[in-house]
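Engineer: Quick one: this structure, given as structure tokens, is what I'll be asking you about.
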Amino acid sequence: MVDSLEGYSYGALEQMLSGAGVNPVHAKPLFSAVQRRLVSKNLSVAEGILPPVARWLSTDEAPVLCPTEQTDCSPSGDGFTEKYMLRLADGAEVEAVRMGFPGRFTACLSTQVGCAMGCVFCATGQMGFSRHLTTGEIVAQAHHVERGLRESHGERLRNIVMMGMGEPLHNFEPVMEALGIITDNRGLNIGPARVAISTVGHIPGILKLAHHPKRYSLAVSLHGASDEERGKLIPVNKKWPLADLIGACREYTAIKRARVFFAWTLIGGVNDSKDHAFRLAELLKGIDAHVNLIPLNATEGYEGEAPDETNVREFQGIIQASGLPCTVRQRRGIDVAAGCGQLKARRLSKQ
Ligand code: SF4
């Protein structure tokens, strides 16, 4: 499948131009127009594209820009968080979210249309899996968020989280290629340390990431401290059980010499007790870990409830007392349904 122009790295552009009989030196202005200035249409001489490249771009062989049509936008009350529904060339829709504060805005990107992992509390998981996104479709989401940010706040994106619809490590190569482009200093130039990849526990992907040359942050969703508890929330725990997952995380920290962030969605009456906290602390003993607690963002397809504030504080205190850093994620964006897949779920429920 021919990807959109956004999906071509600098090196891939040079190769493609060369193959088309165009001097590869022209990759520089073309890459800059697409990846730095974010030209969204009319890639022409007027945009600094040299005539031989402009001529080639007008042929049927040349890739085109990804048509990301915004079909919905939900701004939060504070004006900082904004969730976009984007329609792709084949009509599939994915979500991208801008979150954060002035000076440290983050884009949350989708990696698949739907998701095959089926986590019971997740709106995307409730939709099922349709297809993987291409490299260009992932990069184009970052461009969409950055364009809006430049217009509304005169700012640039500082961070990227692969935490939208889909399991990023299930679509490993396109995700890595997209991040290679997004972190290129001739493009958006977002430092690898400012990129986080969130996984539900895709062990083959974690091990591949451990050997990947770039060092991105890894966030692993746990939500349960035994196979029985976790399996009820995350069905793929049967395929990749907890002991194997923790083993893969230990391997990752040893190879990368990097901390793993463990996410724990706190669900009232399900996994928010002191006993759960003690067992989680035991499970992570000896790992270079940081625990991120996320009070449940209730979805329409899951009956779970948000946890009690007192339980959240007690849970955090137990983890911290065990010697692990532990933070509670702010519920920014809850008024715009910023949990993964929720905007789409709401729209579907209205149809
Ligand atoms: S939480 Fe993530 S991995 Fe699980 S179903 Fe949702 S999108 Fe997929």
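Engineer: So what is the 222 nm mean residue ellipticity for the chain from helices alone, if each DSSP H run of at least 4 adds -39500 (n - 2.57) and you divide by all residues, rounding to the nearest 500 deg cm²/dmol? Show your work: numbers first, answer last.
Structural biologist: Values: 12 runs with 119 residues, N = 351.
Only helices count here, giving -10000 deg cm²/dmol.
Engineer: What net charge do the residues around Ala289 carry, taking every other residue with its C-beta under 11 Å from that of Ala289, with Lys and Arg at +1 and Asp and Glu at -1? Working shown, then result.
Structural biologist: Numbers: positive: Arg250, Arg259, Lys285; negative: Asp288.
With Lys, Arg at +1 and Asp, Glu at -1, the neighbours total +2.
Engineer: A follow-up question, please. How far apart, in nm, are two points set 7 Å out from the Cα along the Cα-to-Cβ line at Ala193 and at Gln320?
Structural biologist: Modelled inter-label distance: 2.5 nm.
Engineer: Can you give the direction-averaged projected area of the convex hull of the alpha-carbon atoms in region 79-210, in nm²?
Structural biologist: Spelled out: convex hull of the Cα atoms, projected over all directions, averaged, 8.1 nm².
Engineer: Quick one: Debye curve from the alpha-carbon atoms of region 2-142 only, equal weights, vacuum; give me log10 I(q)/I(0) at q = 0.10, 0.11, 0.13 Å⁻¹ to two decimals.
Structural biologist: Summing over Cα pairs of region 2-142 leads to -0.42, -0.50, -0.67.
Engineer: Right, another one. For the chain, give me the percentage of DSSP beta bridges that are antiparallel, rounded to the nearest 5 percent.
Structural biologist: Restricted to the chain, the bridges split so that about 45 percent are antiparallel.
Engineer: What distance in nm separates the two pseudo spin-label positions at Asp244 and Lys28, each 7 Å out from Cα along the beta-carbon direction?
Structural biologist: So the two model labels end up 4.9 nm from each other.
Engineer: Find the all-direction average of the projected area of the Cα convex hull for region 45-128, expressing the result in square nanometres with one decimal place. Let's see the in-between values first.
Structural biologist: Values: hull surface 35.8 nm².
Averaged projected area of region 45-128's Cα convex hull equals 8.9 nm².
Engineer: Kirkwood hydrodynamic radius (Cα pairs, Å) of region 135-261?
Structural biologist: Computed over region 135-261, the radius equals 15.6 Å.
Engineer: Something else: Give me Rg over Rh for region 5-57, both radii from the alpha carbons and Rh done the Kirkwood way, two decimal places.
Structural biologist: Across region 5-57, the Cα-based Rg/Rh ratio is 0.91.
Engineer: Net charge within 10 Å of Pro192 by Cβ-Cβ distance, Lys/Arg positive one each and Asp/Glu negative one each, not counting Pro192 itself?
Structural biologist: +3
Engineer: Over region 263-321, one equal point on each Cα, no solvent: what is log10 I(q)/I(0) by the Debye formula at q = 0.13, 0.18, 0.29 Å⁻¹?
Structural biologist: -0.32, -0.59, -1.24
Engineer: Hey, what's the Kirkwood Rh for the chain if you take every pair of different alpha carbons, in angstrom?
Structural biologist: Evaluated over the chain, this radius sits at 21.1 Å.
Engineer: For region 1-110, which GluC sites (Glu not before Pro) pass both filters: DSSP loop (anything but H, G, I, E, B) and at most 16 other C-beta atoms within 10 Å?
Structural biologist: Loop-located and lightly packed - Glu61.
Engineer: Quick check for me: using +1 on Lys/Arg Cβ and -1 on Asp/Glu Cβ, what's the dipole size of region 69-350 about its Cα centre, in debye to the nearest 20? List each step's numbers first, then the result.
Structural biologist: On the way: 33 positive and 31 negative charges, 153 e Å.
Once rounded to the nearest 20, the dipole reads 740 debye.
Engineer: Further question on the same structure: So if I place +1 on the C-beta of Lys and Arg and -1 on the C-beta of Asp and Glu, and nothing else carries charge, what would the dipole magnitude of region 5-57 be about its Cα centre? I want it in debye, nearest 20. Walk me through the intermediate numbers first.
Structural biologist: Details: 5 positive and 3 negative charges, 25 e Å.
It works out to roughly 120 debye.
We did not get these values from a lab; they are worked out from the coordinates using the rules stated. Computed from a prediction, not measured in an experiment: that's the story for all the values here. All Cβ positions, even for glycine, are placed from backbone atoms using ideal geometry, and neighbour counts span all protein chains on display.
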